[in-house]
Amino acid sequence: MRIAFTLIGGAHWSGGYNYLANLLRILSQYQKHRLTAVLFLGAEGVSQGAEELAAIHGIEVVRTPLLNGSRRITSLLQAMLLGRDVAMQQLLVRQHIDVIFENAQFFGWRLGIPAIAWIPDFQHRLLPAMFPLLSRWKRELGFMAQVVGGRHIMLSSEDARLACERFFPATRGRTSTIHFAVPASDAEADFLRARMVADQYGLPERFFFMPNQFWKHKNHALVVDALAILKQRGVSIVVAASGVQSDPRDSGHFSRLRARIELLGVEQNMRLLGVIPYADLGSLMRACVALLNPSLFEGWSTTVEEARAMGTPMLLSDLDVHREQMGAAATYFNRCSAEDLADALQNFPVLDMPQRRDMADLARIDSVQRVKRFGDEFADLVDTLGRGVG
């Protein structure tokens, strides 16, 4: 089966890019006997990230002006009004594409090629206040196009699948839940090196790590309030927060958060690291007491998956999807209660080095099985649609 991909994500959504990169690598490593991934890129202005995807072993690359940014509106109008982007359809046929994977692009309801539409989540429906009206409607219309266009809808969690079938009843019978997984690092768990990296950032022996972009729904404000409560108790705990310090939906969010940190006097407790190298992110995930994710909403958390692959302990908000993802293997707190988070931070157990090494070793073994299952389930879905079975 030959499956087509276009770019996902970008400057404001690294999660989409990371998802695609992870999926392509897994298909290349574990599914090359079943699938050929064909990555379609624009012919100009290709980003460094796109070049990195194109360099993945075993991936075929097709560069075409049909995907240049200047043609995006034309493509969408053809897809909506004529039912297909004619030139793109012809290119897909010439490349012998059996199935296309859509996310941010829609090529029409008369495309004639089976399509999988990956919908990560329905945050705009469940947390509408987090979106400007125009942004919310843009997402909604995009999802409606996929539904009306007869796509098979792929979700990353049962939580998202239930939401999809509730909001779009027409999708019942053509949804699939495929939990994505990330591979463990090839390197051995080097906790001494991880500690050296933490020292470079001036972090104490005991700190919690929160590698989330500074979007409002990631709930950094709750962490700030919890640290202020702990300070009042005479307890000093450090949370190191990395990630892009802006929210594309609310340009003033980060400045308000930083002002609150200063107002409550917890600058030494809430360490804002900004964007850090990916290798350092992995080291801090090993060196920390636990990964902290206080999010108000997730589709299927990439940072949780990465921590899971490393065997890092986790302190997570009480989202249904977090419980679906980690079960009894994490500690949970009320995502709306700073007091509850303060208690959880204060009482979180600190494991010694032998315990962490054992957890890392077990996580590595488990990660291989989950990654293979992700690849198998995705390949099964492509095979089913490509052969016209589903």
Can you give me the P(r) profile for the stretch 191-367? Cα pairs, bins 5 angstrom wide beginning at 0, each as a whole percent. 1, 8, 18, 22, 22, 17, 8, 2, 1, 0
What FRET efficiency would be calculated for the residue pair Asp361, Asp199, taking the C-beta separation as r and a Förster radius of 41 Å, to the nearest 0.05? 0.95
Residues other than Ile261 with Cβ under 14 Å of its Cβ, Lys/Arg counted +1 and Asp/Glu -1, net out at +2
Quick one: of the DSSP bridges fully inside the chain, what percent are antiparallel, nearest 5? 5
So which aspartates and glutamates pass the test for Lys231, namely a Cα distance under 13 Å, with those fewer than 8 places away in the same chain ruled out? Glu267, Glu339, Asp343
Backbone N under 15 Å from the Leu351 label point (7 Å along Cα→Cβ), restricted to the stretch 261-285: 285
Pairwise FRET efficiency - Ala54 versus His33, Cβ, R0 = 25 Å, nearest 0.05: 0.70
Cβ under 14 Å from Phe333's Cβ, Phe333 left aside: what net charge do those residues give with Lys, Arg +1 and Asp, Glu -1? -3
Once you order the gyration tensor axes a ≥ b ≥ c over the Cα atoms, which shape class does the stretch 261-305 get: rounded for a/c under 1.5, otherwise prolate or oblate by comparing a/b with b/c? oblate
Note the full-extension length gain between Val86 and Glu267 as 0.36 nm times their separation in residues minus their Cα-Cα distance, in nm to one decimal. 59.6 nm
For an R0 of 22 angstrom, estimate the FRET efficiency from the Cβ-Cβ distance between Ala104 and Phe167 and round to the nearest 0.05. 0.70
Sort out for me the Cα centre separation of the stretch 169-244 from the stretch 314-372, rounded to whole Å. 11
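Is any helix in the chain, taking whole DSSP H runs, at least 18 angstrom long along its axis by alpha carbon and on average at least -1.0 on the Kyte-Doolittle scale, and which ones?
14-30, 133-148, 220-232, 353-386
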In terms of the Cα gyration tensor, with a ≥ b ≥ c the square roots of its eigenvalues, is the chain rounded because a/c is under 1.5, prolate because a/b exceeds b/c, or oblate? prolate
Summed side-chain charge close to Ser75 - residues other than Ser75 whose Cβ falls under 11 Å, Lys, Arg +1, Asp, Glu -1: +2
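Read the figures in this text as sums done on the coordinates, not as results from a lab. These figures come from a predicted structure and were not determined experimentally. Glycine gets a Cβ as well: all are built from the backbone with ideal geometry, and neighbour counts include every protein chain shown.
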